[in-house]
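Asker: Here's a structure for you.
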């Protein structure tokens, strides 16, 4: 009988992934794994399939009907199935094929948006008939070793900001971590693919909840408490002139107030609530360092944070 092995080749930067199906082990071919997106869209995969006949089948003219199927991990529950293709004895003829190996033929599958994307396999489903009048075989499937493992992509849902704690749901979770969270928040695994992020005391900052699927990492940024805003601009000024400073807000919609304490020889000019200039007019600091002190207060629904930056003037 013919034996089936399904494998795939992922094509970068395209939604259509080319899938190549072989039906016995191909020397040097590296079996890979595939991450399937779960973004609510219909997914289509195309590729090439071929068959290898076992020695006892070579003397016979055969006809094969094959489809590409997507199953869950049980390999018995078919979630989606492509349109059938047919191969016959002419496909096992030169120049593209030979008595043992058929030529390649296009195969494909469309997975409707309504199908729940879960871990599973791409498999080949096929029947064989001995021509001219032999009975069709029962449906056969590629073995687990000959099928392509499918990892469904993760999706993280939950609040963008928390004052005390928040619950997040991760579809198809894998390795789940909370990063940039030292002194800011903790992560607790709950049931039903849910995780809880809890603020530590008065800690504030932007943390990242991550779910890693193979080399692909899915990330959700979470503002905890009132992360302080940050001042952009030079920390040391060593020449006269006009210098621009801007404030990067930590939380969208937060209110920002800033004050600037500048010594003689430094002129402070506010532009708006996030931008100002310092005009350094002093000709010399006499070997010492003049300090400009900038204080930024950020307020949101969780409270107020403060950020202080000292800017040195050395001329």
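The values are calculated or read from the model by the stated rules, or taken from the named source; none is laboratory data. Not measured: the values here are computed from a predicted model. Because the Cβ atoms are built from the backbone with ideal geometry, glycine has one as well, and the counts that use them run over all protein chains shown.
Asker: Would a scan of the range 143-155 turn up a residue that is over 21 Å from residue 214 (Cβ atoms) and buried (at least 17 other Cβ atoms within 10 Å of the Cβ)? Can you show your working first?
Answerer: Let us first name the residues in the range 143-155 that are over 21 Å from residue 214 (Cβ atoms), namely 143.
After this cut, where a residue has to be buried (at least 17 other Cβ atoms within 10 Å of the Cβ) as well, the list is none.
No, the conditions are met nowhere in the range 143-155.
Asker: To continue, here is another question. Residue 44 fails exactly one of the following numbered conditions: (1) surrounded by 14 or more Cβ atoms within 10 Å (Cβ to Cβ); (2) touching a strand residue (DSSP E or B) at 6+ places or on another chain (Cβ under 6 Å); (3) closer than 21 Å to residue 148 by Cα. What is the number of that condition?
Answerer: (1)
Asker: Across the range 263-284, what is the total count of residues that are over 15 Å from residue 234 (Cα atoms) and in contact with a strand residue (DSSP E or B) (Cβ under 6 Å, 6 or more places away or on another chain)? Quick ask: steps written out before the conclusion?
Answerer: To start, the set of residues in the range 263-284 that are over 15 Å from residue 234 (Cα atoms) comprises 263-265, 267, 269-274, 281-284.
Of the ones still in play, those that are also in contact with a strand residue (DSSP E or B) (Cβ under 6 Å, 6 or more places away or on another chain) are 263, 267, 269-270, 273-274.
Residues in the range 263-284 being over 15 Å from residue 234 (Cα atoms) and in contact with a strand residue (DSSP E or B) (Cβ under 6 Å, 6 or more places away or on another chain): 6 in total.
Residue by residue, here is whether (1) in a strand (DSSP E or B); (2) in contact with a strand residue (DSSP E or B) (Cβ under 7 Å, 6 or more places away or on another chain) holds:
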{"residue": "71", "(1), (2)": "yes, yes"}
{"residue": "75", "(1), (2)": "no, yes"}
{"residue": "80", "(1), (2)": "yes, yes"}
{"residue": "86", "(1), (2)": "yes, yes"}
{"residue": "90", "(1), (2)": "no, no"}
{"residue": "108", "(1), (2)": "yes, yes"}
{"residue": "115", "(1), (2)": "no, yes"}
{"residue": "123", "(1), (2)": "yes, yes"}
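Asker: Taking the criterion of being under 30 Å from residue 213 (Cα atoms), within 41 Å of the chain's Cα centre (by Cα) and surrounded by fewer than 16 Cβ atoms within 10 Å (Cβ to Cβ), would at least one residue in the range 116-137 satisfy it?
Answerer: Yes; the residues of the range 116-137 include at least one that is under 30 Å from residue 213 (Cα atoms), within 41 Å of the chain's Cα centre (by Cα) and surrounded by fewer than 16 Cβ atoms within 10 Å (Cβ to Cβ).
Asker: Looking at the range 205-238, which of the residues that are over 26 Å from the mean Cα position of the chain (by Cα) and not in a strand (DSSP E or B) is nearest to residue 188 (Cα to Cα)?
Answerer: Ranking the candidates gives 225 first.
Asker: Residue by residue through the range 95-115, note down the ones that are at pLDDT below 80, surrounded by fewer than 17 Cβ atoms within 10 Å (Cβ to Cβ) and over 18 Å from residue 126 (Cα atoms).
Answerer: 95, 96, 98, 99, listed by residue number.
Asker: Turning to a different aspect of this structure: So residue 244 fits all but one of (1) surrounded by 18 or more Cβ atoms within 10 Å (Cβ to Cβ); (2) over 17 Å from residue 314 (Cβ atoms); what number is the exception?
Answerer: Among (1) surrounded by 18 or more Cβ atoms within 10 Å (Cβ to Cβ); (2) over 17 Å from residue 314 (Cβ atoms), the lone unmet condition for residue 244 is (1).
Asker: Keeping to the range 160-178, report how many residues are at pLDDT 95 or above, within 21 Å of the chain's Cα centre (by Cα) and either closer than 23 Å to residue 303 by Cβ or assigned to a loop (DSSP other than H, G, I, E, B) (or both).
Answerer: Matching residues across the range 160-178 total 3.
Asker: Taking the range 182-222 on its own, how many of its residues are at positive phi and out of contact with any strand residue (DSSP E or B) (no Cβ under 7 Å at 6 or more places or on another chain)? Spell out the reasoning first.
Answerer: Step one: list which residues in the range 182-222 are at positive phi, which gives 183, 192-193, 201, 205, 214.
Checking the rest, the ones that are also out of contact with any strand residue (DSSP E or B) (no Cβ under 7 Å at 6 or more places or on another chain) come to 183, 192, 201.
Matching residues across the range 182-222 total 3.
Asker: In the range 105-133, how many are in contact (Cβ under 8 Å) with a residue 60 or more places away in the chain and over 30 Å from residue 171 (Cα atoms)?
Answerer: Counting residues in the range 105-133 that are in contact (Cβ under 8 Å) with a residue 60 or more places away in the chain and over 30 Å from residue 171 (Cα atoms) gives 8.
Asker: Scan the range 273-309 residue by residue and report those that are touching a residue at least 60 places away in the same chain (Cβ under 8 Å) and within 22 Å of residue 246 (Cβ to Cβ).
Answerer: 294, 296, 298, 299, 300, 304, 305, 306, 307, 309
Yes/no per residue for (1) in a loop (DSSP other than H, G, I, E, B); (2) more than 23 Å from residue 160 (Cα to Cα); (3) at pLDDT 95 or above:
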{"residue": "250", "(1), (2), (3)": "yes, no, no"}
{"residue": "253", "(1), (2), (3)": "yes, no, no"}
{"residue": "256", "(1), (2), (3)": "no, no, no"}
{"residue": "264", "(1), (2), (3)": "yes, yes, no"}
{"residue": "282", "(1), (2), (3)": "yes, yes, no"}
{"residue": "285", "(1), (2), (3)": "yes, yes, no"}
{"residue": "299", "(1), (2), (3)": "no, no, no"}
{"residue": "311", "(1), (2), (3)": "no, yes, yes"}
